[in-house]
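Q: Encoded as structure tokens, here's the structure I'll be asking about.
The values are calculated or read from the model by the stated rules, or taken from the named source; none is laboratory data. Model, not experiment: these values are computed from the prediction. Neighbour counts are summed over all protein chains in view; Cβ atoms, including those assigned to glycine, are modelled from backbone coordinates with ideal geometry.
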Amino acid sequence: MDSEAVCLLLYGEWVEENVLEPVAHRQYVFTVRQLLRPIFARHRQWLGELCRIAARLLLGAYARALPGTRPRKPPNDRRMRSSP
């Protein structure tokens, strides 16, 4: 493991111990670069696909971190969905 990876792991441990509250949930915020926002504004379905890809990557990260477990999915709330 290179020194950058070690520093990243140590920082993650520090954040977990000193910043984050011990709760059973997390909120992740994904952003789109300003340069790409007009493209997604014209092709809204692409934004949905981008969100699905991000969710899939996050689930994969959880699976690698804790084999045999999955984070709970939020309840299916129609108010959270965007209209086509």
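Q: Could you please find all residues in the stretch 33-64 being part of a helix (DSSP H, G or I) and not hydrophobic (A, V, I, L, M, F, W, C)?
A: ARG37, PRO38, ARG42, ARG44, GLN45, GLY48, GLU49, ARG52, ARG56, GLY60, TYR62, ARG64
Q: Name the one entry in PHE30, PHE40 that is aromatic (Phe, Trp, Tyr), at pLDDT below 95, under 23 Å from GLU13 (Cα atoms) and surrounded by 10 or more Cβ atoms within 10 Å (Cβ to Cβ).
A: PHE30 is the lone residue from the list that is aromatic (Phe, Trp, Tyr), at pLDDT below 95, under 23 Å from GLU13 (Cα atoms) and surrounded by 10 or more Cβ atoms within 10 Å (Cβ to Cβ).
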